[in-house]
Amino acid sequence: MTRWEPNARGRLQLAALELYSERGYDQTTVSEIAKHAGLTERTYFRYFADKREVLFFGTGMLQERLVQGIIAAPEGKPPLDMVGASLEAAAEPVEEIRDFSRRRQAIVAANPELQERELSKLAALTAALTDALRGRGLADPAARLTAEAGMAVFKVAYQRWVDEADDSGETLAQLIRQSLAELKTVAAAG
């Protein structure tokens, strides 16, 4: 084994996904993931803090894109529309990994420990959106409500996107747009 393998992170992610799918999350060790990827356990920990984190890599990049989308939004744009545009922009790189996302979501849905980690990551994204909205001058509780509503839109759209039964061919960005429109309709009817 060479010391610096190309695309080690991606190989580790795919190995973990395969092993978690075959054996289950609880029955798979970091050592087995590394071996399956043709790497060492030490290399694994160079990229991921624990065996859960291999499924959540990219959250930091997603958060950065969401925040940048809020910062870059034109003046005078309604806050919920800022969040919607930010979510659509952040969805772009996720579009490229739909099969991975589907498989990942099935693993997360089957494991309470991973569900807890996902909720924690979503809470961090919501907090970052809230702070970005405050930075644009939106006061509380409106900033928090808008961020929470935006993340609810994202969660609903993402679940529809990874759900193979809803294989309409629509992009994640399109589903985000639809979900946001549905939220606005429900809010207006109330």
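The values are calculated or read from the model by the stated rules, or taken from the named source; none is laboratory data. Computed from a predicted model, the values in this text were never measured in an experiment. Glycine also receives a Cβ, built like all others from the backbone with ideal geometry; neighbour counts cover every protein chain displayed.
Are there any pairs with C-beta distances below 6 angstrom linking a residue in the stretch 89-113 that is in the same structural domain as Val67 (by TED's automatic domain parsing) and under 11 Å from Thr171 (Cα atoms) to a residue that is among the β-branched types (Val, Ile, Thr) and part of a loop (DSSP other than H, G, I, E, B), with the two at least 6 apart or on different chains, and if so which?
Glu95/Thr171
Among the residues in the stretch 45-67, are any among the hydrophobic types (A, V, I, L, M, F, W, C), free of Cβ contacts under 8 Å to residues at least 12 places away in the same chain and in a loop (DSSP other than H, G, I, E, B)?
Yes: the stretch 45-67 contains one or more residues that are among the hydrophobic types (A, V, I, L, M, F, W, C), free of Cβ contacts under 8 Å to residues at least 12 places away in the same chain and in a loop (DSSP other than H, G, I, E, B).
Yes or no: Ala123 surrounded by fewer than 18 Cβ atoms within 10 Å (Cβ to Cβ), out of contact with any strand residue (DSSP E or B) (no Cβ under 7 Å at 6 or more places or on another chain), assigned by TED's automatic domain parsing to the domain that holds Arg177 and modelled with pLDDT of 95 or more?
yes
Out of all the residues in the stretch 129-144, is one or more closer than 30 Å to Tyr25 by Cβ and either free of Cβ contacts under 8 Å to residues at least 60 places away in the same chain or assigned by TED's automatic domain parsing to the domain that holds Leu12 (or both)?
No, that holds for no residue.
Among the residues of the stretch 72-82, is there at least one that is closer than 24 Å to Gly10 by Cβ and of a type in the set (A, V, I, L, M)?
No, the stretch 72-82 contains no residue that is closer than 24 Å to Gly10 by Cβ and of a type in the set (A, V, I, L, M).
Of all residues in the stretch 23-61, which are surrounded by 13 or more Cβ atoms within 10 Å (Cβ to Cβ) and acidic (Asp, Glu)?
The answer is Glu32, Glu41, Glu53.
Which of the residues spanning the stretch 130-147 are surrounded by 15 or more Cβ atoms within 10 Å (Cβ to Cβ) and more than 18 Å from Gln68 (Cβ to Cβ)?
Hits for the stretch 130-147 are Arg144, Leu145.
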